[in-house]
1. So B:LYS54 ticks every box in (1) under 16 Å from the mean Cα position of the chain (by Cα); (2) among the basic types (Lys, Arg); (3) surrounded by fewer than 17 Cβ atoms within 10 Å (Cβ to Cβ) but one. Which box is left unticked?
2. Looking only at region B:284-300, decide whether some residue is more than 16 Å from ligand 1 (Cβ to nearest atom), under 29 Å from B:PRO198 (Cα atoms) and either of a type outside the set (Ser, Thr, Tyr) or out of contact with any Pro (no Cβ under 9 Å at 6 or more places or on another chain) (or both).
3. Criterion first (buried (at least 16 other Cβ atoms within 10 Å of the Cβ), more than 20 Å from A:ASN96 (Cβ to Cβ), of a type in the set (Gly, Ala, Ser) and more than 16 Å from ligand 2 (Cβ to nearest atom)) does B:GLY370 satisfy it?
4. When you go through (1) out of contact with any Phe, Trp or Tyr (no Cβ under 9 Å at 6 or more places or on another chain); (2) within 16 Å of ligand 2 (Cβ to nearest atom); (3) among the basic types (Lys, Arg) one by one for B:ARG37, which number turns out not to apply?
5. Yes or no: region A:231-247 includes at least one residue that is over 16 Å from A:GLU205 (Cα atoms), away from ligand 1 (no atom under 14 Å from the Cβ) and polar (S, T, N, Q).
6. Within region B:273-284, how many residues are of a type in the set (A, V, I, L, M) and more than 10 Å from every other protein chain (Cβ to nearest Cβ)?
7. Can you name the number of the only condition in (1) surrounded by 24 or more Cβ atoms within 10 Å (Cβ to Cβ); (2) within 16 Å of ligand 1 (Cβ to nearest atom) that B:PHE256 fails?
8. Does A:GLY225 satisfy the criteria of being within 14 Å of ligand 1 (Cβ to nearest atom) and either out of contact with any Ser or Thr (no Cβ under 8 Å at 6 or more places or on another chain) or within 14 Å of chain B (Cβ to nearest Cβ) (or both)?
Number of protein chains: 2
Amino acid sequence: MKPLPEALRASIGARVDLIDTPALVVDLDAMERNIQRMAEFARKHRVRWRPHAKMHKSAELALLMQQAGAQGVCVQKVAEAEALAAGGVNDIYISNQVVAGPKLLRTARLAAQLAARGGRLAIAVDSPEGIERLAEAMVLAGGEASIDVFVEIDVGQGRCGVPPGEAAVPLAQAIARHAPRLRFAGLQAYHGRAQHLPGMAERREAIAGVVRAAADTRQRIEAAGIPVPLITGSGTGTLVHEAASGVYGELQAGSFLFMDADYARNEREPAQPQFEHALFVKTQVISVCDTHAVCDAGHKSHAIDSGLPVVALLPPDRALRYANGGDEHGLLHAESPKTRLPALGRMLWLIPGHCDPTVNLHDHLIGVRGGLALGTVERIIRVDARGALT
Amino acid sequence: MKPLPEALRASIGARVDLIDTPALVVDLDAMERNIQRMAEFARKHRVRWRPHAKMHKSAELALLMQQAGAQGVCVQKVAEAEALAAGGVNDIYISNQVVAGPKLLRTARLAAQLAARGGRLAIAVDSPEGIERLAEAMVLAGGEASIDVFVEIDVGQGRCGVPPGEAAVPLAQAIARHAPRLRFAGLQAYHGRAQHLPGMAERREAIAGVVRAAADTRQRIEAAGIPVPLITGSGTGTLVHEAASGVYGELQAGSFLFMDADYARNEREPAQPQFEHALFVKTQVISVCDTHAVCDAGHKSHAIDSGLPVVALLPPDRALRYANGGDEHGLLHAESPKTRLPALGRMLWLIPGHCDPTVNLHDHLIGVRGGLALGTVERIIRVDARGALT
Ligand SMILES: Cc1ncc(COP(=O)(O)O)c(C=O)c1O
Ligand SMILES: Cc1ncc(COP(=O)(O)O)c(C=O)c1O
C-alpha cells in the first residue's frame, strides 16, 4: 500500500484549526455513533446489514463496520472489490452488472482469492448473456472457486434489472444450471430513487410496491423449485420499510455512515435512527467584498449532483448560503440583510450535498476526534478505491 | 514520481478496443491539432498564451504546450503549482487568492525553487491583507526570491477581485511598496461566466465591457505612476475578443486543449479556431431492456456540473441520448422511435459536459494515436495535480 503523504502524516495529533483547506474531514465520534445506531437497528429487526462501500471506498471503514456487526460490503465495481480485498475485506458483493470478459476474469480470480482466505464474492446479473459470460470466466479461471449470484430485478429505479415476476425465473434457472461454479443467492432489489423522495408517505408507498414485487418474484422462483436464500437491497432513505417488511434479509445502506445535505433535507421517518452528519469540507474564506465572501471549496472539493453544500455550525445571525462559484470557489451570501459576512481567512465547515461522489474526489479523509471546534486529528483514512472505476 | 500501475503500463501499444471501461481517453491527434491552432492564433494576434492547467493538471501536457510556444501555465491552487513544478514546469502563475499562512509559506518556498532553476512564480491578490500576508511569508521564507503579483479585478464574474477602476490603485501601490520581494506584474481580469454565454453577440458585448474596465483600471494605476506590465485573462469561449482588444497581453484559455460538450453547444465565433473534441469517456453497455440501455459511466467518471455528456461517434440512425443514471451508471435512450438500442457489451464514447472537473476524477489519461476506431494506446498521461486542492 502507498505510504501516507508526508504532510498528512505530520498532521496527526494536530488541532482541527491547523487542517489545511479545502479538506474532507470526518467527525469520528459522530461516525461511530452512526455505526452503533445502524448496528442496533439491524439487530432489532433481525436483518443483516451489508453497507455499500461505493460511498466510503475505504477498507478501514469497512472493517470497522464489520467489527460492529456488518456483513462484509457491497461495491459497484470490480476495481472497488479488488481495492477493498487488498485492504483486508473478505466478504464482498458486487451489486452491479459486469459483462466485459477481462473484468469477469478479474472477478473469477478475486472469487478464488477470497475463498482461499475464508471469504466469498457475490455479483449481480440481469441477463442470460451476463450469466453465460460469468460462468465461462469462472471456468476459464480454473480452480474450484464458486461465486454467489443475485438476479437483479428492477423494482422502480428504471436502470438495470429484469422486470419483477416471471422474467426472473429463467435467470435463476440459468444460474442453477451452472452450479456449483455459480450459486443462486437470491434477489437484488434496490430502488435508488425512492431513497431520495422528500416525503415520508411517498417513500413508504414506493417501498410497499417494491416489497410486493420482490415477494412475488421470490414466490415464482420458488414455485419453479429453486429456493431463494436472500432478498437484498435498501438504502439510508427507506431502510425502515425494508427492515420491517419480513421480506428483505439484508440492508445495503451506505450513506448513513456520513449523511449528507440531500438526505437531511427530507422528512425523517420517526422509526429511522437519528443519523448525524459526520462528513464535512473544511474551507477558508479567501476573498470578501460588499456583496459576498468567497471560499476555497468548489465542486472539485465536493460533488454537486444532488445539490449544493450547506454551511454548517454557524449561529443563526451569521448564517450563510453557499452558491456555486465553479470548480475551486464557493460564493457565500448572507442569509438575511442583517447577517455579517465572515472575515478574510475565516475557516468554515460545509456539509456536502452528496457523500458518495464527494468522497471519490479525495484520496484521504481526515479523521477528527473531539469535535470540529476543539478536536484533534486522530488518523488519516485512505480512500482505497478512489477512482476505482473499472 | 509514482510508477504507473501495472495494468496501465501493459496497455501501451494495445488497440483502442481493449481499453477497459470506463476510461478517460485523449485523442492525441485531435489534441495536437488544437495546440497548433492555439499557437497559430496567439502568434497571429501577438499575444502570449498561458494555458490554464486547472483543466489538464498534467506536467507532460504543460510542457508539450510550452514547446509549441505557450508561456508556462496558470493554476488555481498552490498544490497544483507544486505538482507541476515537480514535473518540470518552471513558469507558473497562481491566478487565484491565497491567504492561509502555511500556504503562503509554501508559495514563497516554491518561488525560491523556481527562481533557482531559472523559472518564476506569480500570484493574484485582491486585498491589502492578502498583500501583507504574502509579503510577510516572502520575508519569513528568507532568501532573495521575489514573486510577481497581479491585482485581480472583478470584470463581471462576481467572484474574487476588487471592482475595476480606482479600487485597484491602492493595491498596486501596496505591492510596489514591497518591492523587490513583490513585483507588481499587472492585472488579472477574467470573466468566467462570459466564456459560457451561448450567443456570439452576448459574449462580444460582455467582453467589450471587460476590456473597457481593464483598460480604465490600467490607466488609473499608470496615472498613479506605476507601470502596468500586463493584463491577463480570457478563456476558450471569448479569446477572439481579448486577443483582438489590444489591451490583453496574455490569454489563459485552458479548455481549448480538450473541448467539451458545454462549449460545443454554444454559437461559434467565425474567428475562433475550430477546436475539436479530444477528450472522451470510453464506456460499455452493461444492461439493456425494452426502453433503454445502461452504460458503466456515471458521474464518478465525468463531471455533470455543466450538463450531461453527449454520446459521440454514432451514425444518425443509432443516435443515443445520455440521461443521468447516478454515480456509476448512464441511461441511454434512443433519440427517435426508430433508433435501435445498442447491444449488451457494446463500447461507446461520451463527450464530457465539462473537461476540467472530469479530468480531476481520473489519475491517468489514456493517450490514443490513430483515432478512436482503429487507433492504439500511445502513452499514459499522468494527472499530476489530481485532487491537488490546497
Ligand atoms: C445498489 C445500491 N445499494 C445500496 C446503496 C446505498 O444507498 P444509500 O447510500 O442511499 O444508503 C446504493 C447507493 O447508490 C446502491 O447503488
Ligand atoms: C482564472 C481562469 N483563467 C482561465 C480559465 C480558462 O478558461 P477555459 O477553460 O474556459 O478556457 C479559467 C477556467 O476556469 C480560469 O478560472
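The values are calculated or read from the model by the stated rules, or taken from the named source; none is laboratory data. Quick caveat: nothing in here was measured; it's all calculated off a predicted structure. Don't worry about glycine lacking a Cβ; one is built from the backbone with ideal geometry, like all the others, and counts go over all protein chains shown.
1. Just one mismatch for B:LYS54, condition (3).
2. No, region B:284-300 has no match at all.
3. No.
4. Failed condition: (1).
5. No: region A:231-247 contains no residue that is over 16 Å from A:GLU205 (Cα atoms), away from ligand 1 (no atom under 14 Å from the Cβ) and polar (S, T, N, Q).
6. Selection size over region B:273-284: 2.
7. Unmet for B:PHE256, out of (1) surrounded by 24 or more Cβ atoms within 10 Å (Cβ to Cβ); (2) within 16 Å of ligand 1 (Cβ to nearest atom): (2).
8. no
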